[in-house]
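What follows is a single structure, written as structure tokens, with notes after it.
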Amino acid sequence: MTHYIIVTGGVISGVGKGVTTASLGKIFKEYGYTTTLIKIDPYINYDAGTLRPTEHGEVWVTYDGGEIDQDLGTYERFINQDLPRTNSITTGQIYSEVIAKERQGMYLGQTVQFIPHIIDQIKERIEQAAHGYDIAIIEIGGTVGDYENVPFLHVAKLLERTLGQNRVAHVLVTYLPIPAHVQEMKTKPTQQAIRLLGQEGIIPDFIICRAERPLDPPRKKKIEHVAHISSENVISAPDIDTIYQIPLDLESEEVGKKLIKYFNLQSPAHVDWKVWSELVHAIRFPTARVTIAVVGKYLATGDYQLSDSYLSISHALIHAGAHARVAVDIQWIDASQLENVHTIDTLLGHVNGIIVPGGFGTAGVEGKIKAIEYARTRKVPYLGICYGMQLAVIEFARNVIGLSQAHTTEVDLHTDHPVVDILPLQKQLLEEKSLGGTMRLGNYHASIMPHSHVYKLYHTAGRVDNGAIVERHRHRYEVNPAYIDQLSTHGLIISGTHTREDGTKLVEFIELEDHPFFIATQAHPEFTSRFETSHPLFSEFVLQAYQRQLKSSVFEHKKSHTPSVAL
Ligand code: GLN
């Protein structure tokens, strides 16, 4: 029997609904309940595949090939569990499913309407995703009061009505601003959010009050009265240093225990937050720091730069750092800047490791290639992800093999040496379909070369099964199989490949010898890094960056203590 927790947001977006949902999920999993998390996005897009990452943040890729909202990534990182693409529901999907049914004659001549057909479809999708779990936590995107939210709030009420009150708990995550000119915490916007929810017949059972500072007793009382809930269910959630602190804070406010009581469920026998707490402690009080350059494309929206398009990479680095007890400072470097600098040392000279992340198109490509050359020749730890692997192959082909025109046909369609190209099957797909369906998406196996660096790392992490590993993908182009022999004979180690049904070998991992860490992959390892189990590639990369930093500080130290000739 599934119990539902519906998480809505009040006042403004970005108050932390996603991390609250993820944290509640982590708490229930820790309590021993099977738990799934579902995200509802009220936009009309079918999925996030065609959304601009600089506007909407990163596109998250599920193991089964869904291109969806980044909140599912937050969920997976917290609950350490793969979630299927169907756990992301959009208005676009609901309408297209209803229209498809109508076209198939499934409504038997009825007039197809918002109520009941759209509502029923939403309910059906939620129930399918929740099926078989003890606890299903549903986050409704946007803010109460948004036009687009209404159908989903209606379904939230419907669930409560059909299943009974003690099977559905409503959690409102709200924001209490402290305007600079009055320096006083204001509850009015939260009061209005409560009333807006009330218009849909929903009275929140728990209110999580996000604010710069903790909630004081008079304000707590006010909210308690407006919402008609007991004061113990008004939860103060002030700003914290790291989002991974939130499950611990919610635990100390006993939110999980209160929900268990609300649902009339059994209290957990044994709860152990030791590992989680130690990792949080490592983030909050690091003993050392490293600087990692992420050389990508950073487009600003208005006055703000959004590095959210690389959210999973940031988190994979945070996880790796926490496990190594090292803080990772990320330096976001706009690749196009590297194309114009006099000496690349000014931008990369002080960093301890370099990442070239996934990307599309021509912007900054030559700058990224320069960064890779720098990492390769100066022996700076390098981790290439997707485009970062393709460009590493191009750099190698140009500067080691001497194919100065080597390129990807994504940038130069007529290059003499298309070392990265669209393979015939992909070309066919591109011609047949529109942009949405032409990528290699989701999980693919890679056979890993025994004794390679990549093998050792995955093997130590217990992730090699029958000589193969699995990672998620999202790309169109591949290393051109026609160049594999030439690359290998010049010393590029192809340490992992995926064999396609037609026998074509696709390059999945490359690495270099005589380098502390030069590994690149066609996959997106950042999508399988979790807080409690950091990803082996990121972990080793951060450790090697730390080694480099230690060596350079010894070098600096020696330099400053070497007596000068004059003495
Ligand atoms: N643009 C490249 C491709 O489509 C790489 C994609 C990526 O980095 N995710 O193959």
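Below is a table of values for the structure above.
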| quantity | calculated |
| --- | --- |
| Separation of the residue 101 and residue 224 label points, Cα + 7 Å toward Cβ, nm | 4.4 nm |
| Whole-Hz couplings from phi, Karplus 6.51/-1.76/1.60, listed for segment 199-205; x for Gly and Pro | 4, 9, x, 9, 10, x, 8 |
| Potential lengthening between residue 341 and residue 13 on full extension [0.36 nm per residue; Cα-Cα distance subtracted] | 114.2 nm |
| Between 0 and 90°, nearest 10: helix 536-561 axis offset from the chain longest Cα axis | 60 degrees |
| Size of charge dipole - segment 353-487 - debye, nearest 20, with Cβ of Lys, Arg +1 and Asp, Glu -1, no other charges | 540 debye |
| Size of charge dipole - the chain - debye, nearest 20, with Cβ of Lys, Arg +1 and Asp, Glu -1, no other charges | 1100 debye |
| Cα shape, segment 456-525, gyration tensor, a/c 1.5 rule | oblate |
| DSSP bridge pairs, the chain: antiparallel proportion in percent, nearest 5 | 35 percent |
| Segment 504-555: C-alpha gyration tensor shape, a/c 1.5 cut-off, then a/b vs b/c | oblate |
| Inter-label distance for residue 287 and residue 112, nm, one decimal - labels placed 7 Å from Cα along Cα-to-Cβ | 6.2 nm |
| Theoretical ellipticity at 222 nm over the chain - DSSP helices of four or more residues, -39500 (n - 2.57) apiece, nearest 500 | -11500 deg cm²/dmol |
| Amide H contacts of residue 208 (H built 1.01 Å from N, under 5 Å, at least 5 apart or other chain) | 172, 173, 174, 235 |
| From phi via Karplus (6.51, -1.76, 1.60), per-residue ³J(HN,Hα) for segment 349-359 in Hz, x at Gly/Pro | x, 9, 7, 9, x, 10, 10, 10, x, x, x |
| Packing-based ranking, highest mean first, of 214-224, 16-26 given that Cβ atoms within 10 Å are counted | 16-26, 214-224 |
| Span from the segment 136-192 Cα centroid across to the segment 356-414 one, whole angstrom | 47 Å |
| The chain: angle of helix 387-396 to the longest principal axis, Cα-based, in degrees nearest 10 | 0 degrees |
| Estimated FRET transfer efficiency when R0 is 45 angstrom, pair residue 466-residue 52 (beta carbons, to 0.05) | 0.70 |
| Relative packing of peptides 130-139, 1-10 - highest average C-beta neighbours within 10 Å first | 1-10, 130-139 |
| Selected from 282, 15, 552, residue furthest toward positive end of dipole (the chain; charges at beta carbon) | 282 |
| Surrounding net charge for residue 393, when Lys and Arg each add one and Asp and Glu each subtract one, Cβ distance under 13 Å | -4 |
| Ordering of 537-544, 74-81, 272-279 by burial proxy (mean other Cβ atoms within 10 Å per residue, highest first) | 537-544, 74-81, 272-279 |
| Among beta bridges that DSSP assigns inside segment 218-370, antiparallel share in %, nearest 5 | 15 percent |
| For segment 501-536 versus segment 11-85, the gap between their alpha-carbon centres in whole angstrom | 24 Å |
| Segment 38-91 shape via C-alpha gyration tensor axes, a/c threshold 1.5 | prolate |
| Given 101/123; 26/188; 188/221; 123/258, the pairs whose alpha carbons are separated by over 20 Å | 26/188; 123/258 |
| Entries in 17/297; 17/157; 368/505 that, when Cα-Cα distance is taken, lie over 24 Å | 17/297; 368/505 |
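We did not get these values from a lab; they are worked out from the coordinates using the rules stated. The shown structure was predicted, so the numbers you read here are calculated from the model rather than taken from an experiment. Note: ideal-geometry Cβ built from the backbone for every residue, glycine included; neighbour counts use all protein chains shown.
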